[in-house]
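The values are calculated or read from the model by the stated rules, or taken from the named source; none is laboratory data. Keep in mind that what you see is a predicted model, and the values were worked out from it rather than measured. Note that we place each Cβ from the backbone using ideal geometry, even for glycine, and neighbour counts take in every protein chain shown. Quick note on the areas: whole protein, heavy atoms, side chains included, nothing else; ligands and nucleic acids left out. Shrake-Rupley method; radii C 1.70, N 1.55, O 1.52, S 1.80 Å.
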Amino acid sequence: MKHTSGPWKVFIDKDEHIFISDGTKYLAQLFYTGHPENIKEDANLIASAPDLLKALKLLADFLLEPKKRPNYGQTIASMRRTAREAIAQAEGK
């Protein structure tokens with residue numbers, strides 16, 4: 001699967017239009033017909049997709065491919081840090 005590499009960020013222009021950007025171009029613009037009070041939170045969740053995917057891949061490799069865990073303690077610490085960073089981005093922190 002090929003996608004635009006991260007990190008992705010939420011960008012809000014002067015007219016309050018909300019975009020997802022990789023820093024060089026806009027990847028998406030959000031239009032909302034449901035609950036507009038959630039649009040910024042939803043944008044953060046969308047923008048965190050590459051980091052969430054990275055965290056899940058680390059976890060899957062760790063669980064499914066034991067040969068990829070040469071140093072258990074460092075691997076766990078790295079997965080924890082990556083997951084917490086992705087969650088923080090998804091939550092807009």
Practice prompt. State all residues of region 1-44 that are charged (D, E, K, R), assigned to a helix (DSSP H, G or I) and modelled with pLDDT of 85 or more; if no residue qualifies, say none.
Written response: Lys40, Glu41, Asp42
Item to complete: Working only within region 45-55, note down all residues that are part of a helix (DSSP H, G or I), open to solvent by less than 40 Å² (accessible area, probe 1.4 Å) and under 11 Å from Gly6 (Cβ atoms).
Response: Ala47, Pro50
Item to complete: Could you check, for region 84-92, whether at least one of its residues is free of Cβ contacts under 8 Å to residues at least 60 places away in the same chain, surrounded by 11 or more Cβ atoms within 10 Å (Cβ to Cβ), in contact with a helix residue (DSSP H, G or I) (Cβ under 6 Å, 6 or more places away or on another chain) and assigned to a helix (DSSP H, G or I)?
Response: yes
Response to the item:
Exactly one of Leu30, Leu58 is of a type in the set (A, V, I, L, M, F, W, C) and open to solvent by 40 Å² or more (accessible area, probe 1.4 Å), and that one is Leu58
Worksheet, complete the sentence: Of those in region 9-21 that are open to solvent by 40 Å² or more (accessible area, probe 1.4 Å) and touching a residue at least 12 places away in the same chain (Cβ under 8 Å), the residue nearest to Ala55 (Cα to Cα) is Lys9
Worksheet item: Here are some conditions: (1) open to solvent by less than 70 Å² (accessible area, probe 1.4 Å); (2) over 16 Å from Glu91 (Cβ atoms). Pro36 meets all but one. Which one does it not meet?
Response: (1)
